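Worksheet for the structure shown next.
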Amino acid sequence: MNINQNYFNLKDSYLFSTIAEKVEDFTKRNPEKDVIRLGIGDVTLPLAPAVTDAMQNAVAEMGKAETFRGYRSDMGYDFLRHAVAGYYRKKGVALEETEIFISDGAKSDTGNILDIFGKDNVVLIPDPVYPVYVDTNIMSGNKIIYMNGNEENGFLPLPDYNIKCDIIYLCSPNNPSGAVYTKQQLKQWIDYALENEAVILFDSAYEAFVRGDDLPTSIYQVDGAKRCAVEVCSLSKTAGFTGTRCGYTIFPHDCKAGDVSLNRLWLRRQSTKFNGVSYIVQRGAEAVFTEEGMKQTRQNIDYYLDNAKRIAAALKERGIWFAGGENSPYIWFKCPKGMSSWEFFDHLLSESNIVGTPGAGFGKNGEGFFRLSAFGSRENVIRAMERLEI
Ligand code: PLP
């Protein structure tokens, strides 16, 4: 039996297990200390009532012979694709419903998408980055070129025309840096992708955190994107679906490799390997896009954004450089006194009893930086910022 040798090229991911071990060790040694966790990238507020009501109705339908549903379209139910198209219309983006594929979340699609691309592609990935892009490309044996995010470019790298590539990963608002590309910056990427005949895989998992009209919430708000970009999105952060699982990926019909439509390839891939998302979950997802659902889920995001603002204000007060903190649930800052990410992790845990995420876990350019997340409770954020010793 041959196995995929590329798996041996993956680095073991010790980030979250090391954090857990260090925190456990600290709390064992200091049982009286009240440790506040601001490291997590998972939401904490419950699903909105509009969503749970819709799912409960759907459960009842599944329990009656007249309304029971079995296998259905692997692209997703028409009602949900219709709702997603309506959501994009409000952003000023016209989509055909056949361009929308419902998924069980952005992680699966960002990984599975490599099925439709051939071998030997050159892949451009920002550093620091959401680790799934890197690991899935290593599994596929692709050549990765990293583009440097740093303090100088505000962790928003721009194209370098000396580099030729086939696939480009962009994530905005970004995990881990919280930085958001402007329309002009995305336009530069689109022009570059079109010139290189490359595809942009645009991860907009945190789009709902963007407030104000000047920053894009979808790459399709920028001219030319439909010819070169696939957009992956999720209700995980938009509506607290991290445990419920639903997302969507847009393959515009005009996005092609030569004269082959990526949409057709993805449809073929999905109909072979995917049997769709549960009816109950899709009804819950549909409810997110109703007026009431939008209002309720936006309230939760406002709550996290307010947390982010408080963390950003505390860092500003202490004169620390940071990115994010607005239009994003993440605050990404420079470790003080030249400390490494892990040195600062230990310092923050022992001096302030706060847990965050060392930037080094997101790539080499993350070394010397640190991520705090706004997904905790307001009370914990306030207490943590009061005692933040930097
Ligand atoms: N993309 C980014 C940038 C993320 O940070 C995450 C989760 O943290 C995901 C995708 C995964 O989202 P999902 O829960 O939809 O799989």
For residue 323, state whether it is in contact with a strand residue (DSSP E or B) (Cβ under 8 Å, 6 or more places away or on another chain), over 30 Å from residue 57 (Cα atoms) and surrounded by 22 or more Cβ atoms within 10 Å (Cβ to Cβ). yes
Those residues of the range 46-57 which are closer than 30 Å to residue 376 by Cβ and either open to solvent by 80 Å² or more (accessible area, probe 1.4 Å) or touching a helix residue (DSSP H, G or I) at 6+ places or on another chain (Cβ under 6 Å) (or both), in sequence order: 46, 48, 50, 51, 53, 54, 55, 56
Would you point out which residue out of 162, 175 is more than 24 Å from residue 263 (Cβ to Cβ) and over 14 Å from the mean Cα position of the chain (by Cα)? 162
Note on the range 122-152: residues touching a residue at least 60 places away in the same chain (Cβ under 8 Å), away from the ligand (no atom under 16 Å from the Cβ) and in a loop (DSSP other than H, G, I, E, B) are 140, 141, 150, 151
The range 240-266, subset within 16 Å of the ligand (Cβ to nearest atom) and over 22 Å from residue 49 (Cα atoms), residue surrounded by the fewest Cβ atoms within 10 Å (Cβ to Cβ): 249
Just the residues that are more than 25 Å from residue 182 (Cα to Cα) and out of contact with any Gly (no Cβ under 8 Å at 6 or more places or on another chain), please, taken from the range 308-343. 314, 317, 318, 319, 336, 337, 342, 343
Taking the conditions exactly as written (assigned by TED's automatic domain parsing to the domain that holds residue 302 and crowded, with 21+ Cβ neighbours inside 10 Å), does residue 43 satisfy them or not? yes
Looking at the range 172-199, I want the residues that are farther than 25 Å from residue 358 by Cβ and have a partner that is among the hydroxyl-bearing types (Ser, Thr, Tyr) with Cβ atoms under 7 Å, at least 6 apart or on another chain. Which pairs are those? 192/161
Scan of the range 101-121 for residues that are small (Gly, Ala, Ser) and within 11 Å of the ligand (Cβ to nearest atom), ordered by number: 103, 105, 106, 108, 111
Test: residue 92 is within 16 Å of the ligand (Cβ to nearest atom) and in contact (Cβ under 8 Å) with a residue 24 or more places away in the chain: no
Note on the range 218-239: residues open to solvent by 20 Å² or more (accessible area, probe 1.4 Å) and within 16 Å of the ligand (Cβ to nearest atom) are 237
Single residue of the range 205-217 satisfying the filter (farther than 16 Å from residue 298 by Cα and modelled with pLDDT of 95 or more) that is surrounded by the most Cβ atoms within 10 Å (Cβ to Cβ): 216
List every residue pair whose Cβ atoms sit under 6 Å apart, with the two residues 6 or more apart in sequence or on different chains, where the first one lies in the range 5-32 and is in a loop (DSSP other than H, G, I, E, B) and the second, anywhere, is of a type outside the set (D, E, K, R) and surrounded by 13 or more Cβ atoms within 10 Å (Cβ to Cβ). 10/138
Considering only the range 368-377, I want to know if a residue exists there that is over 30 Å from residue 146 (Cβ atoms), out of contact with any Ser or Thr (no Cβ under 9 Å at 6 or more places or on another chain) and surrounded by fewer than 16 Cβ atoms within 10 Å (Cβ to Cβ). no
Within the range 58-76, does at least one residue satisfy the condition of being surrounded by 19 or more Cβ atoms within 10 Å (Cβ to Cβ) and outside any loop (DSSP other than H, G, I, E, B)? yes
Residues located in the range 191-217, provided they are within 13 Å of the ligand (Cβ to nearest atom) and either over 16 Å from the mean Cα position of the chain (by Cα) or in a loop (DSSP other than H, G, I, E, B) (or both): 204, 205, 206
Where the second residue is in a strand (DSSP E or B) and within 12 Å of the ligand (Cβ to nearest atom) and the first is outside the structural domain of residue 237 (by TED's automatic domain parsing) and more than 18 Å from residue 235 (Cα to Cα) and lies in the range 95-116, which pairs have Cβ atoms under 8 Å and are six or more apart or on separate chains? none
Whether any residue in the range 67-77 is closer than 30 Å to residue 217 by Cα, more than 16 Å from the ligand (Cβ to nearest atom), in contact with a helix residue (DSSP H, G or I) (Cβ under 7 Å, 6 or more places away or on another chain) and of a type in the set (Phe, Trp, Tyr) is what I want to check. yes
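The values are calculated or read from the model by the stated rules, or taken from the named source; none is laboratory data. Small disclaimer: the values here were computed from a predicted structure and weren't measured. Here the Cβ is made from the backbone with ideal geometry for all residues, glycine too, and neighbour counts use every protein chain on show. Side chains are part of the model used for accessible areas, which takes the heavy atoms of the whole protein and leaves out ligands, DNA and RNA. Shrake-Rupley method; radii C 1.70, N 1.55, O 1.52, S 1.80 Å.
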